[in-house]
Every structure is written in structure tokens, then in C-alpha cells.
Amino acid sequence: MRLHRPALGSLPLVALAAAYLLFATNGTFWRKGFLYLGDHPLHLAGLGLGLFLLLFSLLAALSVRYLVKPMVIALVLVSAVASYYVDSYGILIDREMIANVALTTGAEAGHLLTEGFLVHLALFGLLPAALVALVRVRHRPFWRKVRWNGTAILASLALTLAIALLFYSSYASTFRMHRDMMASLNPVAPVTALVKYAKQLGGERTFVAAPLGTDAVPGPRLAAGGKPVVTVLVIGETARAQQFSLNGYNRPTNPELAERGVVSFTDVSSCGTSTAVSVPCMFSNLTRAGHSDAKARSVENVLDVLGHGGLDVRWIDNDTGAYHVADRVPYAYLPEGADPRFCEGGECRDEILTDRLAAELTSITRDTVIVLHQLGSHGPTYFQRYPASFERFTPACHTAEFADCKREEIVNAYDNTILYTDHVLAQAIDMLAARADLETAMLYVSDHGESLGENGIYLHAMPYMLAPSTQTHVPMIAWFSNGFAHRMGVDAACLANRRGAPLSHDNLFHTLIGLADLRTAVYDARLDAFAPCRAPEAPTQVSDLGTGTR
């Protein structure tokens with residue numbers, strides 16, 4: 001028996017598609033619309049009509065034989081996927097978000113493929129796509145189609161222009177003040193982001209990093225010799241400064257660090273709101289204002305400068321990679337080993353880093369910098385970032401479906417990840433403090449923060465200009481052994497007094513060079529966060545900055 005397939009003209013098809021895309025897959029956009037324009041219902045209605053006419057015009061212009069159905073199906077599927085994450089987590093889809101998705105690990109991606117997502121995709125994506133596939137599209141002869149479609153498009157654009165002119169002042173002020181509204185519009189936002197990302201990939205080339213800091217030589221403190229100087233730099237993941245009790249949070253999320261004499265800097269800003277942006281940026285000398293992916297890959301970074309100065313530099317990773325920062329230094333990706341003590345499902349808890357650190361410290365023969373890249377507090381499965389013994393704040397959300405948890409449960413799970421990070425950092429400090437044969441220091445800074453439901457926003461990777469401070473305000477913690485502080489002339493009291501100084505990822509490049517006591521033309525003392533608290537040259541006795549003991 002032959003299946004009956006309904007027939008539909010190309011213009012009615014794209015009109016229905018435009019209406020479906022605009023009104024069925026844009027819950028967040030319309031919620032924002034009611035919030036920002038709810039007092040002016042006529043303006044809001046005009047916006048809806050104008051956007052429908054614009055989308056209809058665009059689809060009508062492309063409604064040619066063999067293209068219209070695949071185009072509509074693709075837009076429906078893209079909008080269904082985007083609408084789920086925009087509506088569920090309050091995120092915005094831009095080029096950086098697409099890059100994050102493209103660069104994420106399979107394990108991380110699996111956490112986002114929840115039952116709720118699959119149901120949403122089936123109802124809002126696969127089902128309407130199947131209906132479009134079933135329809136037989138009637139096309140007029142070419143020149144008649146040009147006349148009909150052209151007339152419909154011109155009329156639609158004329159009416160859209162009239163609406164825009166009538167309500168221009170209202171729309172202009174609303175979109176200028178609330179850029180997040182248009183940034184949440186499906187399918188415009190995700191398609192634009194995909195095009196920008198594809199354009200970026202199309203422009204990819206083999207980068208040859210220009211040398212940087214090849215003139216680096218040890219300063220007098222480092223050149224004086226003696227015990228090897230070892231600095232451990234811990235790059236946190238998705239840790240927000242507001243959740244650290246060291247910074248005044250009303251929960252004891254840092255009980256172990258509080259006993260180890262660390263200095264926690266309270267006003268530190270990130271370079272980006274995602275790992276893919278922040279990690280390359282923080283290691284470069286470009287600063288946030290001058291950073292781009294192409295620029296960062298076209299020149300060496302601070303790890304190379306440290307190497308030029310004679311230091312042994314190593315990168316140990318438990319996250320999604322080093323984003324080309326560690327291309328020229330020894331690199332280890334720990335999840336590949338799938339150590340059953342720490343790993344499950346392609347991901348590992350961060351104690352695998354301190355386990356590896358213990359082994360690395362046994363092979364130290366010269367001045368060394370070791371970078372540990374955490375998985376940290378990466379969501380939405382916060383509950384998988386810590387062992388059960390660290391679930392102190394309860395009840396904690398145990399699913400990636402935030403809609404199934406109260407906000408308090410989500411915050412509890414996140415706070416448990418910070419508690420576990422506190423433990424991992426304390427472990428690292430204890431290992432360093434126990435090595436009397438080394439002069440040791442630890443510096444911790446997170447790549448970006450996290451939204452935990454404030455204003456309905458979760459996770460991270462919002463466009464920086466729209467991002468709340470929860471995504472850009474990051475923790476930074478320093479610990480130095482007595483030997484390191486003495487040899488490098490670090491004044492503990494001075495640092496404690498400067499803990500509220502405004503800092504950012506821009507400071508990391510120069511701070512690491514300063515801590516290593518290297519002399520190079522690329523070093524700028526004005527951007528060295530610790531320069532005001534270091535004695536100028538010869539080592540002198542300074543006040544204690546932590547001993548690594550309880």
C-alpha cells in the first residue's frame with residue numbers, strides 16, 4: 001500500500017517553518033521579551049511579527065527545489081538542540097560555545113546527553129523534521145516562482161521596515177541594554193555561531209610560534225644556586241571565587257587551606273568565560289584586550305620563556321587539554337591511563353594530579369615549573385567531581401538534569417567540588433612542604449567561574465561582555481615554603497596586605513617570570529602581581545608564608 005504524502009507549496013512550507021522555529025523553539029527569547037517589553041505589548045507583538053517576516057523572507061529566498069527541505073530540517077534540528085541548552089541552563093550559543101563543544105571530551109559530552117535532552121530532541125526536532133521530510137513540496141515554474149516569492153519577500157520586508165520605524169526607539173534601547181535577548185534567538189544565534197566557527201576553522205593554518213623571551217637568563221637569586229627551586233602552578237577549572245570561604249563565603253569550603261598559611265587574592269578577573277579562551281590567554285603576554293586565538297598561537301608563551309631561562313617545564317593534564325599552550329614542553333594527559341583508583345567513564349578525579357605530582361617530585365634535578373590542569377568543578381555533573389566522602393553539603397544534585405533538582409541542591413553539589421579542590425591543593429602543599437631538599441611554591445588560579453542559577457543562568461561560557469561576575473571572578477591562591485620565600489625575597493606580610501588588590505589573568509605571564517627570577521626584556525614588573533612584595537636583589541630574611549603543616 002502506497003503511503004499518502006501530503007503536498008504543500010514552498011511558500012506555505014517556509015511560512016510554517018518560520019512560525020515553528022520562532023515560536024516553538026524560543027522559550028528563553030520570549031521570556032526575555034516579556035521581561036524587557038512586557039509593559040509595551042504592542043511593541044512586543046510588533047517584534048514577533050517583524051522577526052517572523054524576516055525569517056520567512058530569508059527562507060523564501062532559499063526555497064528552491066532540492067534545497068528547501070534539507071534546509072528546513074537542518075534548522076529545526078539545530079534549533080531543537082540549542083533551545084534545550086539555552087532554556088535549561090540559560091547559556092548563550094556563540095562561537096566560543098561551539099568551540100567548547102567541538103573541543104570537549106567524549107566523557108564531558110556524554111554528561112550533556114541526558115534523558116531530558118533526548119526527549120526534547122525527539123519532540124521538538126526529530127518529529128517535526130520527519131513531518132517536513134514526509135511532505136511533498138510543490139514548486140511553481142521558475143519565473144513564476146521568482147515573481148511570487150519576490151513579491152512575498154518585498155512585501156514582508158516593507159512591513160518589517162514599517163514596524164522597525166514605528167517602534168525604533170523602543171527596540172534600539174532594549175537591544176542595546178539587553179544584548180542577551182537577541183543572542184538567545186533561534187535559529188539565528190546558533191547558525192551564526194556555527195558559521196563563525198567554520199570560518200575560523202577554514203582560516204586555520206599551521207602556526208609557527210615566533211620566539212619570545214629567548215634572552216631570558218637567571219637573576220641573582222636563582223643563579224645563586226643551592227637547592228632546586230620548584231613552582232607548582234595549578235590551573236583550576238570552573239571555580240568561582242565567591243564559593244571560597246577564604247574569600248568570605250559563609251560555608252567552610254576551604255578548611256584545609258585555611259590551616260596552611262596561604263594567601264587568597266579576592267579580586268581576580270578571568271580572561272574569558274571558557275577554558276578554550278582563558279587558558280591560552282592567561283599564558284600569553286597579549287592581555288585580554290589584545291588576545292585572539294590566532295595571535296596566541298603565533299607567538300610563544302610564558303612556558304617557553306621559562307624554558308629559555310633554563311627551567312625544566314612540565315604540563316600534567318586532567319582536563320580537556322592545554323589548547324596549544326604546552327606544545328613545546330613535556331605533556332602528559334592522565335585520563336588516557338584510566339587509573340582505576342581515580343578514573344571512571346573516561347574522567348578522573350583530581351587526586352590523580354597529586355598522585356602524579358609525587359612521582360614528578362622524585363625526578364627533580366634542576367629548577368622546575370610543573371603545571372597541573374584540574375578537572376575541578378566542571379558541570380553539569382558536579383557530583384562526579386568528588387569522592388562520596390567529600391559530599392559534606394547535602395542534599396546534593398546527582399543528575400545533569402538541573403530541572404530535576406532544587407537550586408540549593410545544585411549549589412550543594414558545586415560547593416562539594418570546591419571542598420574537594422581545597423583537599424587536592426592542600427595535598428599538593430603538603431607534598432611540597434615535605435621536600436626539605438627543594439625550595440617550593442604553589443600558585444593556584446582558576447580559568448573561569450560558573451553561574452549557579454543567578455537570574456536563571458547556569459554553567460559558563462557566556463559572551464564576556466554579557467557574562468555575570470560569577471563567571472569572571474576567579475580564585476587565586478599562593479603558598480610559599482620558608483626556603484622559597486627567603487631565597488626569592490617574598491614578603492608575606494606585604495602579600496597579605498595586597499590580597500584585595502585588583503588582579504587578572506593578565507598578571508600571570510609576568511608573575512611566573514618574576515617568581516622564577518628570570519631577567520628578560522618581555523617581563524613587565526608592572527604586571528607582576530608579586531613584584532611589590534619582593535625584595536630587590538640579595539636574599540634577606542622575610543616573615544613566614546606557610547610551612548605546609550597544620
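Just so it is clear, none of the values below were taken in a lab; they were calculated from the coordinates. Quick caveat: nothing in here was measured; it's all calculated off a predicted structure. All Cβ positions, glycine included, derive from the backbone under ideal geometry; neighbour counts span all protein chains shown.
Observations on the structure shown:
- Using only alpha-carbon positions in region 378-463, the gyration tensor eigenvalues give semi-axes of 31, 16, 8 Å once each is multiplied by 5 and square-rooted (largest first).
- For the chain, a simple Cβ point-charge model (Lys and Arg +1, Asp and Glu -1, everything else neutral) yields a dipole of about 2980 debye relative to the Cα centre.
- Degrees separating the helix 27-37 axis from the principal Cα axis of the chain, which is the longest one: 90
- Value of D in µm² per second that Stokes-Einstein yields for region 7-202, Kirkwood Rh from Cα pairs, at 37 °C (0.692 mPa s): 182
- Distant-in-sequence amide H partners of GLY9 (H built 1.01 Å from N, under 5 Å): ARG138
- For region 206-340, the Rg and Dmax computed from alpha carbons only, in angstrom: 17.4, 49
- Once the Cα gyration tensor of region 184-251 is diagonalised, semi-axes √(5λ) in Å: 41, 30, 8
- Counted residue by residue at 0.36 nm each, then reduced by the alpha carbon distance between them, the extension gain from GLU401 to LEU42 reaches 125.6 nm.
- Cα-centred dipole magnitude for region 7-202, charges only on beta-carbon of K, R (+1) and D, E (-1), debye, nearest 20: 1020
- Region 442-545 - Rg (one decimal) and Dmax (whole number), Cα, Å: 16.6, 54
- Helix 41-61 axis, angle to the chain major axis (alpha carbon atoms, nearest 10°): 80
- q = 0.13, 0.16 Å⁻¹: log10 I(q)/I(0) that the Debye formula gives for region 6-110, counting C-alpha atoms only: -0.61, -0.86
- Amide hydrogen neighbours beyond the local backbone of SER451, cut-off 5 Å, H modeled: LEU459, HIS460
- The ellipsoid that matches the Cα gyration tensor of region 337-425 has semi-axes, each √(5λ) in whole angstrom, of 30, 13, 10, with the longest given first.
- Taking 25 °C and 0.890 mPa s as conditions, the chain diffuses translationally at an estimated 95 µm²/s according to Stokes-Einstein applied to its Kirkwood radius (Cα pairs).
- In the chain, the longest principal axis of the Cα atoms and the axis of helix 168-177 are about 30 degrees apart.
- Amide hydrogen neighbours beyond the local backbone of ASP327, cut-off 5 Å, H modeled: none
- Packing here is the average count of other Cβ atoms within 10 Å per residue, and on that basis the peptides 460-468, 76-84, highest first, run 76-84, 460-468.
- Here is the size of region 342-492 from its Cα atoms: Rg then Dmax, 17.8, 54 Å.
- Diffusion coefficient of region 372-422 by Stokes-Einstein, Kirkwood radius over Cα pairs, 4 °C, 1.567 mPa s: 122 µm²/s.
- Value of relative contact order over the chain, rounded to a whole percent, pairs C-alpha under 8 Å and six or more apart: 21
- Estimated [θ] at 222 nm from DSSP helical runs (n ≥ 4, -39500 (n - 2.57)) normalised by residues in the chain, nearest 500: -13500 deg cm²/dmol
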